[in-house]
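Let me begin by presenting the structure, written as structure tokens, before commenting on it.
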Amino acid sequence: MGLLIIMGFFLGSQALGQVLENYNPGIRIENKYDFVRSPIQAEVEVNLVDFPSSSLAIKLPATSAVFLDGKMWFYAQSDTSFLISISQLRKEFVPKNATSTPIVIHKQGILKEEISIKKGLFVEIAEEEVSTDPSFRELREKSSMEDFIYLAFIIILGLMALFRVTYPLVFLNSLKPGAVFSADEFSDHSVVSKVFSSDVIFYLLIFSMVVMLFLMAGFSFMELPAWEMVDADDLNFLLLVWLSGTAVFMVLSFLKFFWIKAFTRIYQFEKYDFHQFMFLLRVLLLVLLVIFFLVIVCYSQGYLDMKKVVEYMVTSFLVIYLLGIFRLFNLMKRKVSFKNYHLFSYICSSELVPFLVIVKLIMG
């Protein structure tokens with residue numbers, strides 16, 4: 001008996017008041033899509049008839065948009081706790097003849113444990129700060145980064161459509177997986193273009209755009225320190241950064257070609273410098289398009305852990321890049337006359353060194 005009295009004392013000392021109805025077990029979490037678990041809203045039905053003199057004690061996580069009876073009630077910019085009487089709720093926010101009302105809380109990644117809705121006779125809420133007035137209505141701002149990603153991807157698809165119309169044969173050979181990884185690139189009857197021809201420059205433009213877009217999206221999703229210097233709320237500024245980065249990557253692509261050309265001259269098989277350059281370029285563009293399409297799918301469906309998605313995609317890209325280098329070694333082994341260890345030293349110098357530099361930059 002004494003133990004029960006002591007337990008009742010401690011429980012009573014922590015209570016905020018008398019709880020008449022606890023709605024927490026009835027909170028329903030809804031996902032946006034089934035194939036990825038992406039909770040986006042919580043909903044609970046609150047009774048407005050029983051205990052008319054009581055109040056609702058509501059606790060919400062930050063960046064939650066709350067709706068009453070299908071209408072925007074308020075937006076909690078930070079973690080929020082407050083009391084509101086049932087009589088005030090019925091008078092100001094719901095129809096007079098309503099016996100109950102659904103409270104819907106919108107927030108990406110919302111968890112049931114973050115929400116508390118209880119009806120009772122309360123005196124105060126033991127929170128450090130009451131950060132939101134329930135009568136204040138604030139609409140959630142739309143992210144310019146989201147608009148930028150979709151706009152940039154549409155621009156890239158439009159340029160690819162133009163490339164297909166202008167250079168149909170080059171387009172077909174560039175984006176067919178079988179053609180990209182085949183030995184036709186190193187065959188004697190393959191068409192040898194020039195690095196400064198219009199089709200190659202157009203191709204490099206699309207490739208550089210995809211690389212820069214993937215980097216910007218990755219920096220944003222992973223919240224890297226370098227991204228803090230970018231004004232992500234200005235769409236025009238994001239486009240300017242994207243186009244500037246595209247120009248930088250085009251210059252780096254040409255430098256990579258001259259790097260390969262220098263080593264082919266040292267090893268005396270200049271015949272295959274352009275073949276080698278275009279082979280890996282086609283492999284990387286195809287892989288980047290597939291990877292970024294998967295990122296867009298996850299992002300558009302509201303998948304929460306985009307940081308983990310980007311990490312998986314970057315790892316996949318590096319693995320396929322490395323496999324492309326080994327495939328290049330296998331193809332060139334049939335074309336050059338000197339021994340394999342000479343060819344391996346050439347591949348290490350011309351391709352593995354740039355690959356290791358990219359890995360170092362990504363891994364930090």
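The values are calculated or read from the model by the stated rules, or taken from the named source; none is laboratory data. Please read all numbers here as calculations on a predicted model, not as lab measurements. As a convention, Cβ positions derive from the backbone with ideal geometry for all residues, glycine included, and neighbour counts pool all protein chains shown. In case anyone asks, the SASA skips ligands and DNA or RNA and just uses the protein heavy atoms, side chains included. Shrake-Rupley method; radii C 1.70, N 1.55, O 1.52, S 1.80 Å.
What do you reckon, is residue 299 assigned to a helix (DSSP H, G or I), among the hydroxyl-bearing types (Ser, Thr, Tyr), modelled with pLDDT under 85 and closer than 30 Å to residue 147 by Cα? If you could, list the steps in order and put the result at the bottom.
On the way: assigned to a helix (DSSP H, G or I): yes; among the hydroxyl-bearing types (Ser, Thr, Tyr): yes; modelled with pLDDT under 85: yes; closer than 30 Å to residue 147 by Cα: yes.
So residue 299 passes the test.
Scanning segment 293-312 turns up no residue that is open to solvent by 30 Å² or more (accessible area, probe 1.4 Å), in contact (Cβ under 8 Å) with a residue 40 or more places away in the chain and under 25 Å from residue 194 (Cβ atoms).
Filter segment 88-125 down to the residues that are in contact with a strand residue (DSSP E or B) (Cβ under 9 Å, 6 or more places away or on another chain), at pLDDT below 85 and of a type in the set (Gly, Ala, Ser) and list them by number. The answer is 100, 109, 120.
Remark: pairs (first residue in segment 4-31, of a type outside the set (Gly, Ala, Ser); second residue open to solvent by 50 Å² or more (accessible area, probe 1.4 Å) and modelled with pLDDT under 50; Cβ separation under 7 Å; 6+ apart in sequence or on different chains) = 16/126. With the condition kept exactly as written, say whether any residue in segment 337-350 is under 26 Å from residue 268 (Cα atoms), among the small types (Gly, Ala, Ser) and open to solvent by 70 Å² or more (accessible area, probe 1.4 Å). Yes: segment 337-350 contains one or more residues that are under 26 Å from residue 268 (Cα atoms), among the small types (Gly, Ala, Ser) and open to solvent by 70 Å² or more (accessible area, probe 1.4 Å). Residue count for segment 320-336, restricted to those that are surrounded by 13 or more Cβ atoms within 10 Å (Cβ to Cβ) and outside any helix (DSSP H, G or I): 2. Restricted to segment 226-249, and to residues there that are part of a helix (DSSP H, G or I) and among the β-branched types (Val, Ile, Thr), the residue that is surrounded by the most Cβ atoms within 10 Å (Cβ to Cβ) is 246.
Applying the set (1) modelled with pLDDT of 80 or more; (2) crowded, with 18+ Cβ neighbours inside 10 Å; (3) over 29 Å from the mean Cα position of the chain (by Cα); (4) more than 28 Å from residue 362 (Cα to Cα) to residue 170 leaves exactly one unmet item: (1). Assess whether residue 271 counts as being open to solvent by 60 Å² or more (accessible area, probe 1.4 Å), touching a residue at least 12 places away in the same chain (Cβ under 8 Å), closer than 26 Å to residue 332 by Cα and assigned to a helix (DSSP H, G or I). Judged against the criteria, residue 271 is not a match.
Among the residues of segment 146-155, some residue qualifies, meaning at least one is open to solvent by 30 Å² or more (accessible area, probe 1.4 Å), hydroxyl-bearing (Ser, Thr, Tyr) and modelled with pLDDT of 80 or more. Being at pLDDT 85 or above and open to solvent by 20 Å² or more (accessible area, probe 1.4 Å) is the requirement here; does residue 254 meet it? Yes, satisfied. Name the pairs: first residue in segment 89-105 and in a helix (DSSP H, G or I), second residue exposed (fewer than 12 other Cβ atoms within 10 Å of the Cβ), Cβ to Cβ under 7 Å, at least 6 apart or on different chains? Close Cβ pairs satisfying both conditions: 90/96. Within segment 76-100, the set of residues being surrounded by fewer than 12 Cβ atoms within 10 Å (Cβ to Cβ), of a type outside the set (D, E, K, R) and over 17 Å from residue 119 (Cβ atoms) comprises 95, 97.
Name the single residue, out of those in segment 196-220 being among the hydroxyl-bearing types (Ser, Thr, Tyr), in a helix (DSSP H, G or I) and over 19 Å from the mean Cα position of the chain (by Cα), that is surrounded by the fewest Cβ atoms within 10 Å (Cβ to Cβ). Break it down stepwise before answering.
Step one: of segment 196-220, the residues among the hydroxyl-bearing types (Ser, Thr, Tyr) are 197-198, 203, 208, 220.
Right, trim to in a helix (DSSP H, G or I) and you get 198, 203, 208, 220.
When the remaining residues are screened for being over 19 Å from the mean Cα position of the chain (by Cα), the result is 198, 203, 208.
Working: 198: 11, 203: 22, 208: 21.
Step by step, filter segment 196-220, then rank; the result is 198.
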